[in-house]
Amino acid sequence: GPLALRGIMAAAHGSLFVNFWVSTIDNTVEGTLLTEDQKIERAVLTYTALGVGSVLGSLLVGLITDKLGYPTAIKFIIAVVTLAFSSLIIQNEIHRFSQIEAFATMFLLGMVENSAKSFNNTVLGFEFKSAINAFQVGVMT
């Protein structure tokens with residue numbers, strides 16, 4: 001059911017990003033062209049930054065929400081979204097990412113993905129008297 005669908009979506013998401021990075025990450029190392037396998041290896045390594053950013057983004061927005069409140073957490077999410085998409089747009093116009101730039105962009109995109117999701121769950125959890133209602137709304141978003 002829904003779990004299988006999420007697995008299929010994650011696989012499609014990953015394959016699209018890996019193909020994007022294979023075509024846009026600089027394919028030379030000290031003047032030597034990389035093989036196709038080396039390019040895929042670099043792209044998959046870059047894709048792991050999404051997972052790391054997701055975990056850290058979720059933790060950071062939780063800490064910011066607890067310590068500094070909702071307005072600061074919203075500002076943090078807006079700043080991360082701005083950085084992530086600015087980086088993606090600028091590098092896409094240049095049409096070449098260095099390995100570090102690609103890794104940083106994926107890290108920021110991971111932070112965007114889960115910091116917003118974590119913040120949404122936090123707000124919904126506190127706004128409804130019944131936890132069931134909060135997470136029914138959360139599933140729809």
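The values are calculated or read from the model by the stated rules, or taken from the named source; none is laboratory data. Predicted, not measured: the structure shown is a model, and the values here were computed from it. Cβ placement follows ideal geometry from the backbone for every residue including glycine, while neighbour counts extend to all protein chains displayed. The protein model used for the area step is the full one, side chains on, heavy atoms only, and it has no ligands, DNA or RNA in it. Shrake-Rupley method; radii C 1.70, N 1.55, O 1.52, S 1.80 Å.
Scanning the stretch 95-104 for residues that are free of Cβ contacts under 8 Å to residues at least 24 places away in the same chain and crowded, with 22+ Cβ neighbours inside 10 Å yields no hits at all.
For the stretch 33-56, the set of residues classified as open to solvent by less than 90 Å² (accessible area, probe 1.4 Å) and not in a helix (DSSP H, G or I) consists of 34, 35, listed by residue number.
Check whether at least one residue in the stretch 93-103 is in a loop (DSSP other than H, G, I, E, B), at pLDDT below 85 and small (Gly, Ala, Ser), and report yes or no. Within the stretch 93-103 (the criterion being in a loop (DSSP other than H, G, I, E, B), at pLDDT below 85 and small (Gly, Ala, Ser)), the answer is yes, since at least one residue qualifies.
Summed over the stretch 74-120, residues that are more than 17 Å from the chain's Cα centre (by Cα) and within 18 Å of residue 54 (Cα to Cα) total 1.
In the stretch 57-76, the condition of being touching a helix residue (DSSP H, G or I) at 6+ places or on another chain (Cβ under 6 Å) and surrounded by fewer than 16 Cβ atoms within 10 Å (Cβ to Cβ) is met by at least one residue. Against the test of being modelled with pLDDT of 80 or more and under 24 Å from residue 17 (Cα atoms), the options 68, 60, 56 yield a single qualifying residue, 56.
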